[in-house]
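See structure below.
Since every read-out is calculated from the coordinates, none of them should be taken as a lab result. Worth saying up front: this structure is predicted, and the values here are computed from it rather than measured. Cβ atoms come from the backbone with ideal geometry, glycine included; neighbour counts cover every protein chain shown.
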Amino acid sequence: MINQLQITNLKVSIAENKIIKGLSLIVNPGEIHAIMGPNGSGKSTLANTLAGHPDYDVLSGSVYLQNKNGKKVELSENILEMSPDERANLGLFLAFQYPVEVPGVRVQNFLKLAYESRFKDRPERQFKKAIDFRKNLQKIAKDLNINVEFLSRGLNEGFSGGEKKQLEILQMTLLEPKFAILDETDSGLDIDAIKKVSQGVNNIIKKYNTGIILITHYQRILDYLKPDFVHVMINGKIVESGDSSIVNKLEKKGYAGL
Ligand code: ADP
Ligand code: MG
């Protein structure tokens, strides 16, 4: 049983600039941790580092999944040393921005590859026929009120911001993540889309007991996705952690008030 995501004293630089300057965070299954902070504080750097984006240099620190079997506690290898595929295989979901240019790749084929990689150690989870995978995918899409015609469209063919986020939730539902990092999943969405996306995430948590790191600028999504913890990140560090009352404080006083 995986029972914890542990980020310890993480320091990360990009293009020789130190961006994350000693960040530690523990996430348990089923918890929502909101990370808020001003522009440029390093939130996306954290998400991209966890995703294994090659531009980011990890200077020090570690990220482990802790497994608990009865009383026995063991740690995974350091996730920061794994390939993005290996991370996904462990059940880490990192909502990559879609690759900017992937001409011709259909949504359903992209998702099939992601699915096969996620469950490659679980032959019983593989679909023998492509059509069976598609049927399963269509069912998930229908349950999420997502237009099934999206599935046969090219990955980058004219999806609106809100539709892209819906597809992200579809992908997340399909991959049954143990832990997920969502970077500004709410940005650019109208209120109905925020509700829909939040509902999708809440269902995933309920179904798979997923632990969530939710990076956001705005308090609004937090009306629908109730965080257990709120962390304020400024200049590469978490400077304050607490319950959701921090959000109200931020609304009133801004980051400068901390
Ligand atoms: P946030 O998501 O909190 O707004 P980011 O993690 O995107 O912040 O960025 C943190 C800092 O890192 C910013 O000062 C940004 O300019 C810098 N940065 C991000 N990506 C790069 C890059 N590819 N090259 C140089 N600096 C970068
Ligand atoms: Mg960002």
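Structure above, values below:
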item: Value of relative contact order over the chain, rounded to a whole percent, pairs C-alpha under 8 Å and six or more apart; result: 27
item: Ordering of 86-93, 122-129, 142-149 by packing [mean C-beta count within 10 Å, highest first]; result: 86-93, 142-149, 122-129
item: Dimensions (Å) - the stretch 1-133, Cα atoms, principal axes, largest first; result: 48, 47, 25
item: Amide H contacts under 5 Å for ILE238, placed H, 5+ residues apart; result: SER24
item: Helical mean residue ellipticity (222 nm; -39500 (n - 2.57) per DSSP H run of 4+; nearest 500) of the chain; result: -10000 deg cm²/dmol
item: Equivalent ellipsoid semi-axes - Cα gyration tensor, the chain, angstrom; result: 29, 22, 18
item: Within-9-Å neighbourhood charge of SER44 [Cβ basis; K, R +1; D, E -1]; result: -1
item: GNM result for the chain, Cα springs below 10 Å: residue of PRO84, PRO29, PRO54 fluctuating most strongly; result: PRO54
item: Pairs from LYS165/LYS226; LYS18/LYS249; LYS21/LYS178; LYS112/LYS207; LYS43/LYS226; LYS165/LYS206 whose Cα-Cα separation, in the structure shown, is over 24 Å; result: LYS18/LYS249; LYS21/LYS178
item: Burial ordering of MET82, MET233, fewest other beta-carbon atoms within 10 Å first; result: MET82, MET233
item: The stretch 107-173 - convex hull of the alpha-carbon atoms, volume per residue in Å³; result: 80
item: Sorted by Cβ neighbour density within 10 Å, fewest at the top, the residues ILE221, ILE26; result: ILE26, ILE221
